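The values are calculated or read from the model by the stated rules, or taken from the named source; none is laboratory data. Only a predicted model underlies this, so the values are computations on that prediction, with no experimental measurement involved. Note: ideal-geometry Cβ built from the backbone for every residue, glycine included; neighbour counts use all protein chains shown.
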Amino acid sequence: MSSNYDNNFSKGTDLAVIILYMLMACIGILAIFMVEYNPNSDWATSFISGKTSYSKQFFFLIFCSFVAVFILLVDSKVFTALANILFAGGLLLMLATFVIGKEINGSKSWIPIAGGFNLQPAELCKIFTALALAKFISRPETDFTKLKSHLIAGAMIALPAILSIGQHELGLALVYSAFIFAMYREGLPPFILIVLLSFAILVIATLLIEPTLLAIILSVIAGLILLYLGKRLKRNKQLIVIIVSIWLICVGTVRFAVPYIFNNVFECYQTTRIYSMVGKEYDCGLNQKAAASFVESGKKSRKPDDYNVKQSKIAIGSGGFWGRGFLKGTQTRGKYVPEQNTDFIFTSIGEAFGFVGTFTFLGLYLFFLFRLIRIAERQRSTFSRVYAYSVVGIFFFHIAVNISMTIGLFPVVGIPLPLISYGGSSLLTFTALVFILLRLDADRQMVLR
Amino acid sequence: MSVYNQNRGGIIQIIIGTIFFLIVAQLVSLQVVSNKYKLAADNNAIFRKIIYPDRGIIYDRKKRALLENTISYDLVVIPNEAKGVDTAALCAILQIDKAEYSKRIVEAIIKNTRVKAGVFEPFLTPELYAQLNENLYRFPGFSLSERSIRSYPYNTAAHVLGYVAEVDVNFLKKHESEGYEMGDYAGMTGLEKNYETVLMGQRGVKRFLRDNKGKIQGPYEKGEFDTVAIAGKNLYTSVDVQVQQLAEKLLQNKIGSAVAINPKTGGVIAMASSPGYNPNLLTGSKRRKTIGRLLLDTARPIYNRAIKGQYPPGSTFKPLGALIALDEGLITPNFGYNCFGSYGACGDPRKCEHHNAGHAANLQLALAYSCNSYFLQVFRMAIDNPKYASAKGGYVKWKEYMNAFGFGRKLGVDLPSENKANIPDTAQYNKDFGNPRYWNSCYMLTLGIGQDRMTATPLQLANSMAFIANDGYYYTPHFVDSIESETQEEAAQLAPFRKKQKVTKIPKEYFDVIKEGMHDVTVYGTAAFIKVPGHEYCAKTGTAQNPHGKNHSLFVCFAPKDNPKIAVAVIVENAGYGSTWAGPIGGLLMEQYLNDTLTTESQLKADNLAQVDLMPQAIKNWYAQNNKSAYLTPIEYNNDELSDVWDMEMLAEGVVKTKTKDTAPTAPLPNTDKTNKDSLLPNTDKKKKLNP
């Protein structure tokens, strides 16, 4: 496509990102091919027949390329104009799944569309949320140093997240926390990040340490702080109140909130996954939901094990430094890793190409993310920048959580690896996310509202 | 407007970088540092199947298979996959209880780990196999694995062939680099052990890819890492199955041994040791029942007397004694000795069986009549040879001859655990009699008639006959003549057997005299009534005194006289005169080999001989006491460990025969001349101390 004919189309579009996008998508098809490969049948025939996942993914990619071209041809003002409507429409679609949705793998989050394909509105809603958030923050009247703005933005994110939880898509819900990057960049006080981080540490500590012991440790820390502050406390009585209430919250979390959530809110398998991450076993007898289903079905609740993670780690670990070679992974060939097409696609790369492969692969991703941040920083309009950081956040969250769960650093939550995992919805979402950003970036000299 | 927040872009980059770093760190630990995942993956997905090649076959000289391979089935189990097994049904089929089931599973885990197949029940009978095969679907994790086991169509040569058995921990330690695994079988005794590397062939390993449901998906990497099983090579031996069977038959109900050698090649034609056992009793499922009984049997059926038994040669030594004196120039064939029924030159007279004057007028006559006095005199002349300064010098020379003839050293036969028997060293006499100056030929006088401390194995005796038959050389006795498609290495292993052993320079005419004498033995001498139809032969009888009761009956011979094709040594323990028992056996063996059949008359003789029961009363008593039926069919065994076990069992049961605990140390003092002289008399108490 020459710039002479269509100056508008290629001018200002970031070629590096497009190349990376295509590269990653091709790696994805290759990875799926490794998973599905069957030496007993001719791969070319099965590719053309379109029955295998890798050929479907290939057609998805072609379709997504058309979508990408379409997005690049759209006026960038469309995105600012439609942001709120799209967001509202997305939320409606998500609500609609509760009624007309189809259940796949235990989550009722899919709407069947023509040709046997299914659409997952929660996936698309990530784009709409990103646009809407950008629209909200970039409004001239929004002052993002104010708490009120933070709360409104938080609510915009929380809404689809809660709906996702309602659809039993915990992974997708967690993704919405990725918007914190964009909000932080726009002025969210670092204090909030620190509090959230401390809270995360506290929860992990709860898993690792005996609750009573942890309570004692927390009390000792609080006591030490009081001692250290000593004289200042006399001058400022408020400090005592703050410290004591923090202490109360912490101990309360440890002793009551966390066990309550694990036992009453989470399903047995979810808690087990979280415990197994730190190498502990969870007694499902404590879980109210498991107990309830036990009463209902009259069957003994089967103890879910961490088979997935074990096999996933074996697959990646067996790759060694150089890998076992293309199509030579025994874990993959023997179908030992469940869901290897989608959530555990990283294992097929890890097994076949070893540390060299995974390192290179992660390098590509890192380069991709840093490239997106660079794009974000060169935007003149707040809208584009917020949107860009939202994309960075979503990509990063997906990559980090997905890979971490395959290597046992994070509990298993079902979220795909961007551009690699099999799945049309996911590929379409990430394509749209990236190309809308590229479209906005092409017009970076404009100030969009 | 958010310019003041610009540094936050950097912070986000740092956060992203940190998380990526953590991920990479975990990948390093998974993929680079730890190798347990590789193993875990292989255990998951690669199913290793060992393909056992057929062991080589051992043939006799006419290409008849002494042993063959037959198929047997084992029930094997992969403990990890044995879940949801219908244990009650399995236990019912195998007739075991649940406790035994658990025990065997644990054993399989200990031996072959949880993920590899281990033997649950070896050697299934055909009925069991059929039953299990039908019901196998009810026992996940269990499978039937084929194994080839030995069978012996001629029921013969157990001691020679040896047996294969499952390797134990000690074996694995000794053969660490040779790729044996728990559950493998290897040759433990006999030719099976000696030629293990040739017979075993090369095991093959096939690798299969297996999916998460345990289904085999196909060969791993298209079989790139598979190794092909290469069948073991066949051995072609010099054994003649018919002679071997006859030897075992004739030795039935007796304790003793017979060895026949082809003097032209050194190939062993037959080697029997009695009591023996049927080799088919030690294969497959029968082994478990039999082995214990064989080990505990007081008659030691597992012990190969032909290469381990040590017997005083008695008169069968005389031709060799004469050869030494002839070669040293001490006597001529015409040398005579005036014997009147005893030899008194060393004090107390030594008895001779003959009184008539002139029965030792020359060497030929002396051999024919087996005159003790004559050969005692000849021995003394050799020891007190004026060529050497002292008796010691003469003795050293004499011993040198004996070693050259193959006595007092291992011959190097291709069976494990050969015994070298005993030709005493001067050191032994020095120790017994003090300073070498103090002793002379009179002190070990009876060595001259194959007694004193001289012992030999039946193999050594047979070999000495081959030596005489060949006029002064022999080939190292051996069973294996050739190996199928021999490699250089294997040729090197057989090379010692193809080399002529000519260790003396005794001229042919001396051998001719000896042969004439030995021929006369069979014409008018001590073996005159033993004939080999159609052949002239040479022989020497022996009647050896020993510490265990009645005299041993010995017979050595070779035939035909002018073109010897077979040399034989036969010993029947505690049976009496050599000509009475050992002689006929030797004669029949030669007849069978040379004529390839027995005359009707000989057949009858053989049948009668086989019926004769010469078992010592002590052993019969033992059988009676232990409620055992009669001894097993003749054949033998040889394994140091096994005989040790046997010894210990014997001690424990208090049925030990007089053993040779005090061989040399309590031997006579220099002045106990009498003890020494007594050695010819049937005073067995004294001799206990002398003969091991």
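Summary of values
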item: Checking B:VAL160 against (1) touching a residue at least 40 places away in the same chain (Cβ under 8 Å); (2) over 21 Å from B:TYR303 (Cβ atoms); (3) among the aliphatic types (A, V, I, L, M), the condition it does not meet; result: (2)
item: Positions within segment B:269-319 being touching a helix residue (DSSP H, G or I) at 6+ places or on another chain (Cβ under 6 Å), in a helix (DSSP H, G or I) and surrounded by fewer than 24 Cβ atoms within 10 Å (Cβ to Cβ), in sequence order; result: B:LEU281, B:THR290, B:LEU295, B:LEU296
item: Pairs with Cβ under 8 Å, 6+ apart, first in segment A:357-380 and facing chain B (nearest Cβ under 9 Å) and without any contact (Cβ under 8 Å) to a residue 60 or more places away in the chain, second exposed (fewer than 15 other Cβ atoms within 10 Å of the Cβ) and part of a helix (DSSP H, G or I); result: A:LEU366/B:GLY17
item: Filter result (among the hydrophobic types (A, V, I, L, M, F, W, C) and closer than 26 Å to B:VAL77 by Cβ) within segment B:162-195; result: B:VAL164, B:ALA165, B:VAL167, B:VAL169, B:PHE171, B:LEU172, B:MET182, B:ALA186, B:MET188
item: Test: residue in segment B:495-510 that is in a loop (DSSP other than H, G, I, E, B), of a type in the set (Ser, Thr, Tyr) and under 32 Å from the mean Cα position of the chain (by Cα); result: yes
item: Residue tally, condition in contact with a Ser or Thr (Cβ under 8 Å, 6 or more places away or on another chain), among the polar types (S, T, N, Q) and within 19 Å of B:VAL28 (Cα to Cα), over segment A:342-385; result: 2
item: Inter-residue pairs, beta-carbon under 9 Å, first within 10 Å of chain A (Cβ to nearest Cβ) and under 20 Å from B:SER148 (Cβ atoms) and in segment B:217-238, second buried (at least 19 other Cβ atoms within 10 Å of the Cβ) and acidic (Asp, Glu), 6+ apart; result: none
item: Meets criteria (closer than 27 Å to B:ASP425 by Cα and not charged (D, E, K, R)) for B:PRO533; result: no
item: Boolean, B:GLU196 is among the charged types (D, E, K, R) and in contact (Cβ under 8 Å) with a residue 12 or more places away in the chain; result: no
item: Some residue of segment B:416-423 being within 28 Å of B:ASP240 (Cα to Cα) and free of Cβ contacts under 8 Å to residues at least 40 places away in the same chain; result: yes
item: Failed item, numbered, when B:ASN69 is tested on (1) away from chain A (no Cβ under 14 Å); (2) under 30 Å from A:THR145 (Cα atoms); (3) among the polar types (S, T, N, Q); result: (2)
item: A:ILE221 closer than 30 Å to B:ASN5 by Cβ and assigned to a helix (DSSP H, G or I); result: no
item: Per-region count, segment A:381-398, residues under 12 Å from A:VAL434 (Cβ atoms), within 11 Å of chain B (Cβ to nearest Cβ) and aliphatic (A, V, I, L, M); result: 2
item: So B:TYR343, is it farther than 20 Å from B:PHE511 by Cβ and without any contact (Cβ under 8 Å) to a residue 24 or more places away in the chain; result: no
item: Selected residue (only one of B:THR541, B:THR522, B:THR487 is more than 28 Å from the chain's Cα centre (by Cα) and among the β-branched types (Val, Ile, Thr)); result: B:THR522
item: Tally of residues being within 22 Å of A:THR332 (Cα to Cα) and more than 8 Å from chain A (Cβ to nearest Cβ) across segment B:42-66; result: 4
item: Residue in segment B:230-251 that is under 17 Å from the mean Cα position of the chain (by Cα), part of a loop (DSSP other than H, G, I, E, B) and over 30 Å from B:THR298 (Cβ atoms) present; result: yes
item: Residue that is more than 9 Å from chain B (Cβ to nearest Cβ), under 26 Å from A:PHE117 (Cα atoms) and modelled with pLDDT under 95, where the choices are A:VAL337, A:VAL413, A:VAL447; result: A:VAL413
item: Test for A:ILE225: is it surrounded by 14 or more Cβ atoms within 10 Å (Cβ to Cβ) and free of Cβ contacts under 8 Å to residues at least 24 places away in the same chain; result: yes
item: Segment B:32-52 residues that are farther than 18 Å from B:ALA117 by Cβ, paired with ones that are acidic (Asp, Glu) (beta carbon under 8 Å, 6 or more apart); result: B:ALA41/A:GLU351
item: Tally of residues being β-branched (Val, Ile, Thr) and under 30 Å from B:ASN278 (Cβ atoms) across segment B:64-94; result: 4
item: Total residues in segment B:166-191, condition in contact with a Phe, Trp or Tyr (Cβ under 6 Å, 6 or more places away or on another chain) and among the charged types (D, E, K, R); result: 1
item: Residues that are buried (at least 19 other Cβ atoms within 10 Å of the Cβ), more than 22 Å from the chain's Cα centre (by Cα) and in a helix (DSSP H, G or I), drawn from segment A:138-158; result: A:SER138, A:SER149
item: First in segment A:146-161 and of a type in the set (Phe, Trp, Tyr), second anywhere and surrounded by fewer than 17 Cβ atoms within 10 Å (Cβ to Cβ) and not in a helix (DSSP H, G or I), Cβ under 9 Å, 6 or more apart; result: none
item: Single condition A:GLY187 does not satisfy, out of (1) out of contact with any strand residue (DSSP E or B) (no Cβ under 9 Å at 6 or more places or on another chain); (2) outside any helix (DSSP H, G or I); (3) more than 14 Å from chain B (Cβ to nearest Cβ); result: (3)
item: Options A:LEU229, A:LEU224, A:LEU207, A:LEU147: the member that is under 28 Å from A:PHE266 (Cβ atoms) and more than 14 Å from chain B (Cβ to nearest Cβ); result: A:LEU207
item: Inter-residue pairs, beta-carbon under 8 Å, first assigned by TED's automatic domain parsing to the domain that holds A:PHE361 and in segment A:320-349, second basic (Lys, Arg), 6+ apart; result: A:GLY320/B:LYS38; A:LEU327/A:ARG333; A:THR330/A:ARG324; A:GLY334/B:ARG210
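Residue-by-condition table, conditions (1) at the interface with another protein chain (Cβ under 7 Å from one of its Cβ atoms); (2) modelled with pLDDT under 90; (3) surrounded by 12 or more Cβ atoms within 10 Å (Cβ to Cβ):
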| site | (1), (2), (3) |
| --- | --- |
| B:TYR4 | no, yes, no |
| B:ILE11 | no, yes, yes |
| B:ILE23 | yes, no, yes |
| B:LEU27 | yes, no, yes |
| B:SER34 | yes, yes, yes |
| B:ALA40 | yes, yes, yes |
